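A.B. asks: Sharing a structure below in structure tokens format, with a few things to ask.
The values are calculated or read from the model by the stated rules, or taken from the named source; none is laboratory data. Just so it is clear, the structure is predicted and the values come from calculations on it, not from any experiment. All Cβ positions, even for glycine, are placed from backbone atoms using ideal geometry, and neighbour counts span all protein chains on display.
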Amino acid sequence: MYDGALSCVYDKLIDFDYEGYFRFISPYLKGKGVDLGCGSGTMTSLIGGMGCQVHGIDTSVQMLSIAASKGGSGVEWIHGDMSLIANFAGLNFVTCVCDGFNYLTDKKMSAVIAKAKDALISGGALIFDISSEKKLKAMAQSVYFFEQDGISCGWCNYPGKGCVDMQLTFFVDRGDGLYERGEENQRQYIHRLEDVKAMLSGFRVRVYDGESYGKVKVGSDRLLLICIKK
């Protein structure tokens, strides 16, 4: 069985518009920043590539190993959770991309946002997205199957109290007629937009559809928030 499970196939399984997202937020990225929950480092490397000094933080050693293999000037990788933002000061930006905050309870998310605000300079940007309440509730009690490039993945979701539990089982073709099996269990918390806005005292907040980068719709699956510290 794979050690680190999801990290080994993450980049092939994830369906996320990193390039479009990066182009949209790039006007707010300059100087020094932190990318929280950086995962395999795709967004972090894009930010570093535009000349910023950026630290990518993630709890997975395996993900950080993959991130480091992508290179990227101006990037430093740090193993740890999002609370490490408390160790920084004088930042121009803080990002948390591709549902990172959905892995935190409301209480933990609020604490990280407060620490991020302390770490930012006046006029600095906190940029993050969340899967919408509508999307996560629709995902509960659903089953997905994915097959591509020698990877087969079964994804089962179960509703919880204010959250969705996700169980992934995947098989990766070793190329010798055998498959390696991996498993990953995750939990994403549902955050109501009005509750998130209440966490953002001291910021000027704009909310966008996180896929079209236009106005939020009733059916928006992802919400992108750009928050400027007052």
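A.B. asks: What are the pairs with Cβ atoms under 6 angstrom where one residue, in region 200-223, is in contact (Cβ under 8 Å) with a residue 60 or more places away in the chain and the other, located anywhere, is in a loop (DSSP other than H, G, I, E, B)? Sequence gap at least six, or different chains.
C.D. replies: What qualifies is 202/230; 220/132; 221/132; 222/210; 222/211; 223/132; 223/210.
A.B. asks: Can you give me the number of residues within region 127-181 that are aromatic (Phe, Trp, Tyr) and either closer than 26 Å to residue 209 by Cβ or modelled with pLDDT of 95 or more (or both)?
C.D. replies: Residues in region 127-181 being aromatic (Phe, Trp, Tyr) and either closer than 26 Å to residue 209 by Cβ or modelled with pLDDT of 95 or more (or both): 4 in total.
A.B. asks: What number of residues within region 187-230 are among the small types (Gly, Ala, Ser) and not in a loop (DSSP other than H, G, I, E, B)?
C.D. replies: Selection size over region 187-230: 1.
A.B. asks: Using the structure shown, decide if residue 95 is β-branched (Val, Ile, Thr) and in contact with an Asp or Glu (Cβ under 6 Å, 6 or more places away or on another chain).
C.D. replies: yes
A.B. asks: Exactly one of these conditions fails for residue 94: (1) of a type in the set (A, V, I, L, M, F, W, C); (2) buried (at least 21 other Cβ atoms within 10 Å of the Cβ); (3) over 15 Å from the mean Cα position of the chain (by Cα). Give me its number.
C.D. replies: Tallying (1) of a type in the set (A, V, I, L, M, F, W, C); (2) buried (at least 21 other Cβ atoms within 10 Å of the Cβ); (3) over 15 Å from the mean Cα position of the chain (by Cα), residue 94 fails exactly one: (3).
A.B. asks: Based on what the data block shows, is residue 93 within 15 Å of residue 191 (Cβ to Cβ), assigned to a strand (DSSP E or B), touching a Cys at 6+ places or on another chain (Cβ under 9 Å) and not aliphatic (A, V, I, L, M)?
C.D. replies: Judged against the criteria, residue 93 is not a match.
A.B. asks: Looking only at region 55-83, which residues are of a type in the set (Gly, Ala, Ser), surrounded by fewer than 17 Cβ atoms within 10 Å (Cβ to Cβ) and modelled with pLDDT of 95 or more?
C.D. replies: The answer is 80, 83.
A.B. asks: Can I ask one more? Would you confirm whether any residue within region 65-77 is touching a residue at least 40 places away in the same chain (Cβ under 8 Å), of a type outside the set (Lys, Arg) and farther than 20 Å from residue 46 by Cα?
C.D. replies: Checking region 65-77: not a single residue is touching a residue at least 40 places away in the same chain (Cβ under 8 Å), of a type outside the set (Lys, Arg) and farther than 20 Å from residue 46 by Cα.
A.B. asks: Can you report the number of residues in region 172-222 which are closer than 25 Å to residue 158 by Cα, surrounded by fewer than 12 Cβ atoms within 10 Å (Cβ to Cβ) and of a type in the set (Asp, Glu)?
C.D. replies: Summing the residues that are closer than 25 Å to residue 158 by Cα, surrounded by fewer than 12 Cβ atoms within 10 Å (Cβ to Cβ) and of a type in the set (Asp, Glu) in region 172-222 gives 1.
A.B. asks: Of everything in region 130-152, what is under 30 Å from residue 106 (Cα atoms), touching a helix residue (DSSP H, G or I) at 6+ places or on another chain (Cβ under 9 Å) and in a strand (DSSP E or B)? Give them in sequence order.
C.D. replies: The answer is 130, 131.
A.B. asks: Same structure again: Does any residue in region 34-53 that is part of a helix (DSSP H, G or I) come within less than 8 Å, Cβ to Cβ, of a residue that is crowded, with 24+ Cβ neighbours inside 10 Å and hydroxyl-bearing (Ser, Thr, Tyr) six or more places away or on a different chain, and which pairs are these?
C.D. replies: If the second residue must be crowded, with 24+ Cβ neighbours inside 10 Å and hydroxyl-bearing (Ser, Thr, Tyr), the pairs left are 43/95; 47/95.
A.B. asks: If you take the residues of region 153-165 that are without any contact (Cβ under 8 Å) to a residue 24 or more places away in the chain and assigned to a strand (DSSP E or B), which of them is surrounded by the most Cβ atoms within 10 Å (Cβ to Cβ)?
C.D. replies: Here the answer is 157.
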